[in-house]
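Q: My questions all concern the structure below.
Readers should treat all values here as calculations from the given coordinates under stated rules, not as data from a laboratory. Every value quoted in this text rests on a predicted model; they were computed, and no experiment measured them.
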Amino acid sequence: MKQAPRAKVPNDDGERHRLGKKLRQAREYLGLLQEEVAGHLGIPRSALSNIESGQRRVDAIELKKLADLYRQPVRHFTGEDEEAAGFAPDVAQGMLAILWPASPAVF
């Protein structure tokens with residue numbers, strides 16, 4: 001009995017690289033270090049580096065935490081909302097409040 005040919009599974013390497021690039025750009029735009037973001041997520045810095053380089057998949061909970069930290073909707077990073085390419089002017093201020101809630105603003 002012949003087996004039916006397997007359906008091709010799309011290669012998600014390109015998607016992981018695109019997502020990682022967007023996450024890295026958001027972090028750099030806000031002036032955050034990988035160590036700071038990794039600490040917020042509770043993962044090693046090397047894991048964040050692998051996410052940003054597309055070598056590691058980001059799980060849904062991590063993506064939601066990153067989107068909240070970067071003050072962007074998840075769809076901005078997944079490509080579902082290409083119009084969400086820009087950052088709101090108050091993003092950096094809001095991000096600082098998340099990371100250092102007791103610190104006064106220095107802007």
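Q: Please give the length that would be gained between residue 46 and residue 74 if that part of the chain were fully extended, namely 0.36 nm times their separation in residues minus their C-alpha to C-alpha distance (nm, one decimal). Show your work: numbers first, answer last.
A: Working: separation 28, 0.36 × 28 = 10.08 nm, distance 2.23 nm.
Fully extending the segment from residue 46 to residue 74 adds 7.9 nm.
Q: What are the ³J(HN,Hα) values, in whole Hz, obtained from phi via the Karplus relation 6.51 cos²θ - 1.76 cosθ + 1.60 with θ = phi - 60°, for each residue of region 30-46 in sequence order, with x given for Gly and Pro?
A: 7, x, 8, 8, 4, 4, 5, 5, 4, x, 4, 7, x, 10, x, 4, 5
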